[in-house]
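J.: Please find one structure pasted underneath; my questions will follow.
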Amino acid sequence: MYIVSLGGPKWWQQASRSVSISASLSRVESPPARADATFKVTMLPGDGVGPELMTAVKDVFKAGDVPVEFDEFHLSEVQNMASEDKLEELLSSMKNNKVAIKGKIHTPMEFKGELASYEMRLRRKLDLFANVVHVNSLPGYSTRHNNLDLVIIREQTEGEYSSLEHESVPGVIECLKIITRAKSRRIAKFAFDYATKKGRNKVTAVHKANIMKLGDGLFLQCCAEVAQLYPKIKYENIIIDNCCMQLVQNPYQFDVLVMPNLYGNIIDNLAAGLVGGAGVVPGESYSAEYAVFETGARHPFAQAVGRNIANPTAMLLSAANMLRHLNLEYHSHMVSDAVKRVIKQGKVRTGDLGGYATSDEFTQAVIANLAV
Amino acid sequence: MQQGEHVNLKESNSANISSIGEIPAMQTVTLIPGDGIGPEISSAVVKIFQAANAPVSWEERNVTAIKGPGGRWMIPPDAKESMDRSKIGLKGPLKTPIAAGHPSMNLLLRKTFDLYANVRPCISIEGYKTPYTDVDLVTIRENTEGEYSGIEHQIVDGVVQSIKLITENASRRIAEYAFEYARNNQRSSVTAVHKANIMRMSDGLFLRKCREVAESYKDIKFTEMYLDTVCLNMVQDPTQFDVLVMPNLYGDILSDLCAGLIGGLGVTPSGNIGANGVAIFESVHGTAPDIAGLDLANPTALLLSGVMMLRHMGLHDHAHKIQKACFDTIREKKVLTKDLGGNSKCSEFTADICRRVQDLD
C-alpha cells in the first residue's frame, strides 16, 4: 500500500502524498491523550433533531463513563445563528481537536448573496473530501433485503455541488458541475486504500459517462488508473441509473462503491432506505487531517423536533465509530453492542422501526444494556 | 391556459371515436421495429392488437440515420413524414452505435420531434413477484435540458466543467404536462422532485415554475420533496408516491429506480411526448442481440407501451382488454418467457395473450 516513488511523473508524487490518509486511518489521529486521559471532541448539534440526538449521545457516554469531553457549537442558518465569526470559532476548535461529531446544518432554499450553504463551506474549509457510509443490516430487524454489507464512498467537495450558478439571461440558468483529475484520483485512491484496509474484494465506480463524456469520463479514467495499482482488488464500473435499479433488485452484487458528489447523495439515501431508513445508518467524513462523524443519510428531520420520536441509533453507532477512531476500542464496543442488543431484542423500538418507544426510552434501554 | 397541441390531441382523438355502436375510425400509427429482438416483439404486438380488434393501422418505418444536405445527420425523410402525419409512434429497441460517427438514434428522434416529456408509469405486475408490492406511480421527466445538455469542456488540463441548463419555458412546459396528465388519468397528486437546497438557482427556478402551474390546477394536490428524501422513502414505502415530475438527470435515475421496483426494464412501458402533438411510445430495454431471432424475447415492455399508446389515443376499452389479458397470462405462470421465469417461446406467450383477448370479447 505504500508506494515507493521513483521520481516518476508528477501524479505519482501526488498519489503517494494521499497515502498519508490511509496511514492516518490506521494510526491514532487524535491529539496526544491528556494527563486525565480525556479526549476533546468538537460537537455541532445542527438543526432539526440534531440537538436531541446529541443529548442521547451525551447521556450514553456519561452512563458508560466514556473519557470524552465535548466542545459544543451552535451554528444554524435557518435559526439565524450563523455568522463568519462562529464559523471561524468552529474551525479553530476543529484544528485543535481534529475529531468532531455533528448533526445536519439545514440549508434554507432562499439564499442571501452566497450560493454555498454553511454545511458546504464547512466541508470545503476542512477539505472533508471523502464521505464513507457503511450500510449494514441490523441483526434482528428484517427488511426486504437482509444481510446487506455495503460501503459507499462519495467525493464530497466538487461535482454538482460547486455552487457556481448564474442567470445568463432572465429565465435561463446555468449550473456548473466541476470534475478535476486531482480530486477524482484522490477519492479513488481513498476508496482502494479503504477497501484494502478493511479486506473488501471489489470496488465499483458509479458514473454517467455515456452522457457526460468529459466530466464523468475523467472520473472513470482516474478510477481505472488507480485500480491498476491494486491488483488484488477487483474493479468494475456501472452507470448510475442501472446501479439504482440493481440496488433494489439485487444489492448483494456490490461491495464498495465510489462515486462523485450527487450520485453519492442518491445512493447513500437509497441504501439507507434498504436497511431501515435514515435513523439506522452511521456515516463519517474524512479529510487528510480531520474526521467528522455523523449520520449516513443527512436530513434535519424537522417534522420530528420536540416530539421525541427520532431514532438515536444512527448517531449512537456513529459515536461508537468515533470512539474506535480515538482508539477507545473497549468503549466503542460497549456502545455499539448495547445499541445492537436493544434492536435485536425488539422490545424497545422507535416509530421508524415499527415500534412505539420514544427517543428517551430507547436511550434509556441502551444505557441499561451497557456492558455491566 | 392550454399549452401545446398535445393537450388538445386527447380531445380530438376521442372525437374520432364515434358514438357507441359504430366502428371507430382506423388510426395510423408509425411502427419502428428497431434492431435485435425489435422485429419479433413488434410483430407480437401487431398480432395481439389484431386479436383485440384495435382500430390501428400500422406504417412500418426504419430510422437509421442518414446524412442530409449540409452534412447534418437526420432520420430518413419518409420516417419523418409518416410520423408528422400520424402523430403517434411505437418504437422497439434501437442499437446505439459506438463509433458510427452519428449521435444516438434516441437523441436524434428526441431533437427531431422535440420530445420534451418522458412518461413512465410503474405498476406492480401481479404475477411477477418482486419485494415491492402495490407500486403504482408515474415518473414524468423533462427530456430536453438539465444535466444532459451535452455542453462540456475541459477548462485546463485535468479540470472539466459540465453545464446544467434550466430554463423557464422548459420547466413550465413539463410542469403543465404533468398536471394535465394527472388530471386526464385521475391521479390525485403531483410531487416535484428537486435539489433546490444545493442548486439553489437552477432547481429553484424549476420549483418556482412548478408552484406557479400548481396554482391553476387546484384539484390536484401538489407537494415538493428533495431527491434524496424521495430515494430514501421510495425503497421503504413506494405506495406513498403518485405522479413525480422532475428535471432530466433525476428523472433518468428515478425512472430506472422505479422500473427496478416492479421487475426491471423488460416489463416497463415508456412514452415520449413532443411539442407538436407527436407521441412516441417505446420499450426501454436493450436490443438483446444474443437472443435475436430465436423466438425467446419477451414482448411485455413493448406491449405495455402499446397499451399506454391506446390510452393516449383515447381507446381505453381496447387498452384495458389487452392489459388485462397480458397480466392474466403472467399471473397464470403457465406460458412465460425465460426472463419472467418460464420456458416458453415468444410465439407461445403471444398466442396465449391473443387467446385471452379474444375470450374477453
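The values are calculated or read from the model by the stated rules, or taken from the named source; none is laboratory data. On a predicted model such as this, the values are computed, not experimentally measured, just so you know. When we count neighbours, we look across all protein chains shown, and the Cβ atoms used for this are built from the backbone with ideal geometry, even at glycine. Remember, those area values only see protein heavy atoms, side chains included, never the ligands or the DNA or RNA. Shrake-Rupley method; radii C 1.70, N 1.55, O 1.52, S 1.80 Å.
J.: In square nanometres, what is the average projected area of the Cα convex hull of the stretch B:233-295?
T.: On the way: hull surface 25.4 nm².
If I average the Cα hull's projected area over directions, I get 6.4 nm².
J.: Still on this structure, please answer the following. Just tell me how shielded B:246-252 is by partners: mean number of partner chain Cβ atoms within 10 Å of each residue's Cβ, no decimals. Please report the intermediate quantities before stating the final value.
T.: Values: counts 0, 0, 1, 10, 2, 1, 6.
Mean shielding count: 3.
J.: Moving to a separate point now. Would you compute the Debye intensity of chain A from its alpha-carbon atoms alone, equal scatterers and no solvent, and pass along log10 I(q)/I(0) at q = 0.06, 0.07, 0.13 Å⁻¹ to two decimals?
T.: Values returned for q = 0.06, 0.07, 0.13 Å⁻¹ are -0.22, -0.31, -1.11.
J.: May I ask you to derive the FRET efficiency for A:Ala224 and B:Lys111 from their Cβ-Cβ distance with R0 = 30 Å, giving the value to the nearest 0.05?
T.: E between A:Ala224 and B:Lys111, to the nearest 0.05, is 0.40.
J.: Roughly how crowded by other chains is peptide B:229-242, in terms of the mean Cβ count from those chains within 10 Å of each of its Cβ atoms?
T.: Taking the mean over all residues of the peptide, I get 5.
J.: What is the gain in length, in nm to one decimal, between B:Asn53 and B:Ile155 on full extension, counting 0.36 nm per residue of separation less the C-alpha to C-alpha distance?
T.: So the chain would gain 30.8 nm between B:Asn53 and B:Ile155.
J.: So for the stretch B:47-135, if I pair up every lysine 8 or more residues apart or on another chain, how many of those pairs have alpha-carbons under 20 Å apart?
T.: The number of close lysine pairs in the stretch B:47-135 is 10.
J.: Let me check I have the definition right: for the stretch B:207-253, take the eigenvalues of the Cα gyration tensor, multiply each by 5, take square roots. What are those semi-axes in whole Å, largest first?
T.: Working from the Cα gyration tensor, I get semi-axes of 21, 14, 8 Å.
J.: Helix B:316-332 versus the longest principal axis of chain B: what is the Cα-based angle in degrees, 0 to 90, to the nearest 10?
T.: 80 degrees
J.: Assigning unit charges at the beta carbon (Lys, Arg +1; Asp, Glu -1) and nothing else, what dipole magnitude in debye, to the nearest 20, does the stretch A:281-347 show about its Cα centre?
T.: Dipole of the stretch A:281-347, to the nearest 20 debye: 440 debye.
J.: From the C-alpha gyration tensor of the stretch B:35-138, pull out the three semi-axes of the equivalent ellipsoid (sqrt of 5λ each), sorted largest to smallest, in whole Å.
T.: Semi-axis lengths for the stretch B:35-138 are 30, 19, 14 Å.
J.: To the nearest 0.05, how large is the calculated FRET efficiency for B:Asn185 and A:Ser92 if R₀ is 51 Å and r is the Cβ-Cβ distance?
T.: So the FRET efficiency works out to roughly 0.35.
J.: Express in whole angstrom the spacing between the alpha-carbon centres of the stretch A:213-258 and the stretch B:294-330.
T.: That distance is 36 Å.
J.: Then there is this: Charges on Cβ only, +1 for Lys and Arg, -1 for Asp and Glu, centred on the Cα centroid of the protein assembly as shown; of B:Ala279, A:Ser142, A:Pro170, which one is farthest towards the dipole's positive end?
T.: Farthest towards the positive pole: A:Ser142.
J.: Still on this structure, I have one more. Shape of the stretch B:127-267 from its Cα gyration tensor (a ≥ b ≥ c, root eigenvalues): rounded if a/c is under 1.5, otherwise prolate when a/b > b/c, or oblate?
T.: oblate
J.: Next question. Taking the C-alpha atoms of the stretch B:135-197, how large are the radius of gyration and the largest Cα-Cα span, Dmax, in Å?
T.: Here Rg and the maximum Cα pair distance are 16.0, 53 Å.
J.: Give me the number: length gained by fully extending A:Lys213 to A:Ala182, i.e. 0.36 nm times residue separation minus the C-alpha to C-alpha distance, one decimal in nm.
T.: Full extension of this stretch gives 9.4 nm more.
J.: Amide H of B:Thr223 versus every other amide H placed in the peptide plane: which residues, excluding those fewer than 5 positions away on the same chain, fall under 5 Å?
T.: Under 5 Å from the amide H of B:Thr223 lie the amide H atoms of B:Val190, B:Thr191, B:Ala192, each far enough along the sequence or on another chain.
J.: Separation between the A:Lys234 and B:Lys67 pseudo-spin-labels, each 7 Å from Cα along Cα→Cβ, expressed in nm?
T.: Placing both labels 7 Å along Cα→Cβ, they lie 4.4 nm apart.
J.: Considering only B:Leu310, B:Leu165, B:Leu115, give the residue with the highest GNM mean-square fluctuation for chain B, with springs between Cα atoms whenever their separation is below 10 Å.
T.: B:Leu165
J.: For B:Ala51, what is the net charge nearby, where nearby means another residue's Cβ is under 15 Å from its Cβ and Lys, Arg count +1, Asp, Glu -1?
T.: -1
J.: Shifting gears a bit: Checking the table A:Lys177/B:Lys164; A:Lys40/A:Lys98; A:Lys125/B:Lys164; A:Lys198/A:Lys232 against a 19 Å threshold on Cα-Cα, which pairs fail?
T.: Those over the limit are A:Lys125/B:Lys164.
J.: Check which residues have an amide H placed less than 5 Å from B:Gln27's amide H, if you skip close sequence neighbours.
T.: B:Val56, B:Ser57
J.: Percent of accessible area on the protein assembly as shown owned by carbon and sulfur, 1.4 Å probe?
T.: 52 percent
J.: For every other residue with a beta carbon closer than 15 angstrom to the beta carbon of B:Ile32, add +1 if it is Lys or Arg and -1 if Asp or Glu, then tell me the sum. Don't jump to the answer; show the numbers that get you there.
T.: On the way: positive: B:Arg61, B:Lys80, B:Arg85, B:Lys87, B:Lys91, B:Lys95, B:Arg110; negative: B:Asp35, B:Glu40, B:Glu59, B:Glu60, B:Asp78, B:Glu81, B:Asp84, B:Glu282.
That works out to -1.
J.: Can I get the semi-axes of the stretch A:156-300's equivalent ellipsoid? Compute them from the C-alpha gyration tensor as square roots of 5 times the eigenvalues, in angstrom, largest first.
T.: 25, 20, 17
J.: Still on this structure, I have one more. What Rg and what Dmax come out for the stretch A:248-372 when only alpha-carbon atoms are used, in angstroms?
T.: Over the stretch A:248-372's Cα set, Rg and Dmax evaluate to 15.4, 44 Å.
J.: Shifting gears a bit: For the stretch B:301-349, what percent of Cα pairs sit more than 17 Å apart? Please report the intermediate quantities before stating the final value.
T.: On the way: 451 of 1176 pairs.
Percent of Cα pairs beyond 17 Å in the stretch B:301-349: 38.
J.: If you don't mind, another one. I'd like the antiparallel share, as a percent to the nearest 5, of DSSP beta bridges with both residues in the protein assembly as shown.
T.: On the way: 53 of 103 bridges.
Rounded to the nearest five, the antiparallel share is 50 percent.
J.: Using 1/(1 + (r/R0)^6) with R0 = 51 angstrom and r between the beta carbons of A:Val78 and B:Asp78, what's the FRET efficiency to the nearest 0.05?
T.: Step by step, r from the Cβ atoms, then E = 0.30.
J.: Nothing charged except the Cβ atoms of Lys and Arg (+1) and of Asp and Glu (-1): what's the magnitude of the dipole of the protein assembly as shown about its Cα centre? Round to the nearest 20 debye.
T.: Using Cβ point charges on Lys, Arg, Asp and Glu, the protein assembly as shown gives about 1340 debye.
J.: Let me ask something else about it. Could you tell me which of B:Cys258, B:Met225, B:Ser270 has its Cα farthest along the dipole of chain B towards the positive end, charges placed at Cβ (Lys, Arg +1; Asp, Glu -1), taken about the Cα centre?
T.: Toward the positive end, the furthest listed residue is B:Ser270.
J.: Using a cut-off of 9 Å between beta-carbons, work out the net charge of the residues near B:Phe113 (Lys and Arg +1, Asp and Glu -1, B:Phe113 not included).
T.: Net local charge, B:Phe113 excluded: +1.
J.: What average number of partner chain Cβ atoms lie no more than 10 Å from the Cβ of the residues making up A:234-245?
T.: That average works out to 4.
J.: On to the next question. According to a simple spin-label model (label point 7 Å from Cα along Cα-to-Cβ), what is the distance in nm between A:Glu167 and A:Ala368?
T.: 5.8 nm
J.: Using only Cα atoms, tell me the angle between helix A:313-325 and the longest principal axis of chain A; keep it within 0 to 90° and round to the nearest 10.
T.: 70 degrees
J.: Using a Debye calculation, one point per C-alpha and no hydration shell, please list log10 I(q)/I(0) for the stretch B:242-361 at q = 0.10, 0.17, 0.21, 0.24 Å⁻¹ in order.
T.: So the normalised log intensities work out to -0.34, -0.97, -1.31, -1.47.
J.: Considering the alpha-carbon set of the protein assembly as shown alone, what are its Rg and its Dmax in angstrom?
T.: In Å, with Rg to one decimal and Dmax whole: 27.4, 95.
J.: In whole Hz, with x marking every Gly and Pro, tabulate ³J(HN,Hα) for the stretch B:88-96 from phi via Karplus 6.51 cos²θ - 1.76 cosθ + 1.60, θ = phi - 60°.
T.: 10, x, 10, 10, x, x, 10, 6, 9
J.: In debye to the nearest 20, how big a dipole does chain A give about its Cα centre with +1 on each Lys and Arg Cβ and -1 on each Asp and Glu Cβ? Mind dumping the intermediate values first?
T.: Numbers: 41 positive and 40 negative charges, 263 e Å.
Charge dipole of chain A: 1260 debye, to the nearest 20.
J.: Averaged per residue, what accessible surface does the protein assembly as shown expose to a 1.4 Å probe, in Å²?
T.: 40 Å²
J.: Provide the gained length on full extension for the span A:Arg121 to A:Thr38, in nm with one decimal, where the gain is 0.36 nm per separating residue minus the Cα-Cα distance.
T.: 26.9 nm
J.: Something else: What translational diffusion coefficient, in µm²/s and rounded to a whole number, does the Stokes-Einstein relation yield for chain B at 4 °C and a viscosity of 1.567 mPa s, taking the hydrodynamic radius as the Kirkwood radius over Cα pairs?
T.: 61 µm²/s
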